[in-house]
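What follows is one structure encoded as structure tokens, with my remarks underneath.
The values are calculated or read from the model by the stated rules, or taken from the named source; none is laboratory data. The structure displayed is predicted, hence computed values, not measured ones. Here the Cβ positions follow ideal geometry from the backbone for every residue, glycine too, while neighbour counts run over all protein chains shown. Side chains included, ligands, DNA and RNA excluded: accessible areas come from the protein's heavy atoms. Shrake-Rupley method; radii C 1.70, N 1.55, O 1.52, S 1.80 Å.
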Amino acid sequence: MKKKFILLFILLFLCSCTKLEVPTSKGQVISEEQTNIVNQEVLKAHFLDVAQADSIFIELPNNKTMLIDGGEAWSSSKIISYIESLGYKKIDYILATHPHADHIGGLNKIIDYFEIGTIYMPKVVATSKTYENLLNTIGNKGLKIKKGAAGVEVLNEENLKAIIVAPTEDKYSSYNNYSLVLKLTYQDTTYLFTGDAEEVSEKSITADIKSDVLKVGHHGSKTSSSSNFLKRVSPKYAVISVGVDNKYNHPASETLTKLQKYTNNIYRTDLHGNITITSDGKNIKVITEK
């Protein structure tokens, strides 16, 4: 059985060849300095509250969409409802950062439900039932997987670029370090999405990773967000996807202390619920559910 799924995985690959903040009503928080967004062509990154898991839905300014991870299996219905509420029936790009259940658990139902464009995954094989279900869903729908690795361009348009900057190597001892790390640039604004990449992966990244918005790695664990990495990113905004009173005590106090050297704009899904960070290419606005 294990050989069957490894073969399926290989075949799938071969087929593709500090700013003052002003509280508003309904618990929203908007950066005072950056409420002047007027461009209709905006980028909206929705950091979804899926407890101790990750899922980010992105509305791109070219009218396409992207989903980075799909949370646990239980959260698939929540993610589907959220995307549908925004009026979308298709996800143009899916990035499954790495094969842990809290990142890919809900993807099989999401992929089955929506029209799907391109799927990117790191080239690593897992033997979990969750991973097997995902591969089966992709195969049964006749979709292909593209290898995600440093240097792969997901998007490269004049004012909109999405480039994978990690993983940079072919073999790691931890699935976390296979995480796809994506830098998304819209005109003068930048986002960095890190999955669960830990210090080993962070150190290996050679690309320019300076970014306005950082999705903090591994739910704010102390194994990620190394001092040198944060210095290179120098984020103005940081988002931590984390569950309420989680058993891992995430985010780590050490991580929060390091982040506060660069920004006081730290948002957490356990405290703020769904978090939407919008860019018109020049300005950034943050709106929280709570």
If you roll a 1.4 angstrom probe over the protein chains with everything in place, what fraction of the accessible area of the chain belongs to carbon and sulfur, to the nearest %?
49 percent
Calculate for the chain the 222 nm mean residue ellipticity that helices alone would give, adding -39,500 (n - 2.57) per DSSP H run of length 4 or more and normalising by residue count, nearest 500 deg cm²/dmol.
-6500 deg cm²/dmol
Just report the Cα centroid separation between the stretch 86-101 and the stretch 264-290, whole Å.
20 Å
Between the DSSP loop rule and a limit of at most 16 other Cβ atoms within 10 Å, which GluC sites (Glu not before Pro) in the stretch 66-161 are left?
E157, E158
Ignoring ligands, DNA and RNA, what accessible area per residue does the stretch 124-177 give at 1.4 Å, in Å²?
50 Å²
Can you tell me how much longer the chain between S253 and T206 gets when fully stretched, taken as 0.36 nm per residue apart minus their C-alpha distance, in nm with one decimal?
14.2 nm
At 1.4 Å probe size, with no ligands or nucleic acids counted, give the accessible surface of T118 in Å², nearest ten.
40 Å²
Please figure out what share of the DSSP beta bridges in the chain is antiparallel and state it in percent, rounded to the nearest 5.
65 percent
What trypsin sites (Lys or Arg not before Pro) does the stretch 216-250 have in DSSP loop regions with at most 16 other beta carbons within 10 Å?
K247
Quick check of the Kirkwood formula: for the stretch 84-123, what is the inverse mean of 1/r over all pairs of different Cα atoms, in Å?
10.9 Å
Given [x] 17.8, 57; [y] 19.5, 59; [z] 39.4, 130 as possible values of Rg and Dmax of the Cα atoms in Å, the one from the coordinates is [x]
A 28 angstrom limit on the alpha carbon distance is what I want to check against. Which of K144/K282; K147/K290; K147/K215; K123/K215 exceed it?
K144/K282; K147/K290
Any number yet on Rg/Rh for the stretch 63-176, C-alpha, Kirkwood?
0.96
